[in-house]
1. Given the criterion modelled with pLDDT under 90, surrounded by 13 or more Cβ atoms within 10 Å (Cβ to Cβ) and touching a His at 6+ places or on another chain (Cβ under 9 Å), identify the matching residue among 16, 5.
2. Count, please, the residues in segment 21-71 that happen to be of a type in the set (D, E, K, R) and closer than 22 Å to residue 102 by Cα.
3. When the residues of segment 74-117 are filtered to those that are in a strand (DSSP E or B) and of a type in the set (Val, Ile, Thr), which remaining residue is surrounded by the fewest Cβ atoms within 10 Å (Cβ to Cβ)?
4. Looking only at segment 65-93, count how many residues are farther than 17 Å from residue 50 by Cβ, over 12 Å from the mean Cα position of the chain (by Cα) and not basic (Lys, Arg).
5. Determine whether segment 20-32 contains at least one residue that is buried (at least 17 other Cβ atoms within 10 Å of the Cβ) and either among the charged types (D, E, K, R) or over 18 Å from the mean Cα position of the chain (by Cα) (or both).
6. Among residues belonging to segment 63-103 that are among the hydrophobic types (A, V, I, L, M, F, W, C) and in contact with a Ser or Thr (Cβ under 8 Å, 6 or more places away or on another chain), point out the one that is farthest from residue 115 (Cα to Cα).
7. Any idea how many residues of segment 26-73 are touching a His at 6+ places or on another chain (Cβ under 7 Å) and either assigned to a helix (DSSP H, G or I) or touching a residue at least 60 places away in the same chain (Cβ under 8 Å) (or both)?
Amino acid sequence: MGRKLLAAVVTSVIALSGCSDPEMKAAREADRKDQNYTYEMQRRVQRNLKDPASAEFRNVHLSKKSGAPVVCGEVNSKNSFGGMGGYQRFVSAGDIQALEEQMGAGEMDKTWAQVCN
């Protein structure tokens with residue numbers, strides 16, 4: 001899990017932990033589900049990499065802009081030569097994981113604008 005996401009999770013848990021209001025409990029549960037979904041989508045992205053164990057994520061966020069939850073972010077991992085390939089954007093939703101390197105020129109920009117921003 002990315003450090004920023006982890007910090008957000010901890011902050012949310014602390015902020016909401018003292019509340020007993022049903023609405024706050026529902027908000028905590030929704031937040032927990034979003035975090036679990038985000039984590040699972042990152043794991044699915046990892047499976048598409050040449051060296052899944054080397055994956056480093058950053059700028060990961062959950063977007064519901066398209067109406068459905070979509071996890072957007074950047075991932076870096078080792079390439080075929082054993083070196084880190086550099087960060088690339090990804091979009092992950094359900095069974096669909098799209099890495100920028102797998103898309104044609106400009107396709108990620110369009111997808112990102114539609115579902116991530």
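1. On the way: 16 fails: touching a His at 6+ places or on another chain (Cβ under 9 Å).
After ruling out the rest, the residue left standing is 5.
2. At the first step, the residues of segment 21-71 found to be of a type in the set (D, E, K, R) are 21, 23, 25, 28-29, 31-34, 40, 43-44, 47, 50-51, 56, 58, 64-65.
Those left that are additionally closer than 22 Å to residue 102 by Cα: 40, 43-44, 47, 50-51, 56, 58.
Number satisfying all stated conditions: 8.
3. 96
4. So the answer is 3.
5. Taking every residue of segment 20-32 in turn, none turns out to be buried (at least 17 other Cβ atoms within 10 Å of the Cβ) and either among the charged types (D, E, K, R) or over 18 Å from the mean Cα position of the chain (by Cα) (or both).
6. Just the residues of segment 63-103 that are among the hydrophobic types (A, V, I, L, M, F, W, C), to begin with: 68, 70-72, 75, 81, 84, 90-91, 93, 96, 98-99, 103.
Among the residues that remain, those that are also in contact with a Ser or Thr (Cβ under 8 Å, 6 or more places away or on another chain) are: 70-72, 84, 91, 98, 103.
Values: 70: 7, 71: 9, 72: 8, 84: 27, 91: 9, 98: 12, 103: 16 Å.
Checking each candidate, the answer is 84.
7. Looking only at that region, the number is 1.
The values are calculated or read from the model by the stated rules, or taken from the named source; none is laboratory data. Please read all numbers here as calculations on a predicted model, not as lab measurements. Heads up, the Cβs are rebuilt from the backbone with ideal geometry, glycines too, and the neighbour counts pull from every protein chain shown.
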